[in-house]
1. How many nm is it between the label spots at Arg64 and Asp76, if each spot is 7 Å from the Cα in line with the beta carbon?
2. Grab the Cα-Cα distance for Phe54 and Ala21, subtract it from 0.36 nm times how many residues apart they are, and report the gain in nm with one decimal.
Amino acid sequence: MTPAPITGTRDGGALWNSLEAVFLHLAHGIIRRPLTTVIAWAVLAVSGVGLAIFGVTGEGLFDRVNSGAPLAADSDSAVADQIIEEGAGASQSVTMAVSGVDLDDRDKLAQIVGPIADIR
């Protein structure tokens, strides 16, 4: 059974008419062979996942991902790593959560930082 032709065009010039013809041809092909369309999309999806995981050169996605040190030596995280490494000799770890405190107030800041400096 042949699908009914789709009629009606927009007066948008030659470019619109050529794009419309391309998509009409594509739509007719999908309507005629829906199983082929589904299989083609499945093959594309599996190929894309395979390329992402295994890579083209054999180095897969998880081989390229690392959790190493930051690459920029002057970044904030690199400075934090350096501070942590310098204090690595200490055997004690302190975690503190501060909430509801205005850190612009110098007196409050001194009350918070003072005990921390004593621990170090």
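1. For the pair Arg64/Asp76, the computed spacing is 2.8 nm.
2. Working: separation 33, 0.36 × 33 = 11.88 nm, distance 3.83 nm.
Full-extension gain reported as 8.1 nm.
Read-outs: derived from the displayed coordinates by stated rules, not from any lab. None of these values were measured; they are calculated from a predicted model. As a convention, Cβ positions derive from the backbone with ideal geometry for all residues, glycine included, and neighbour counts pool all protein chains shown.
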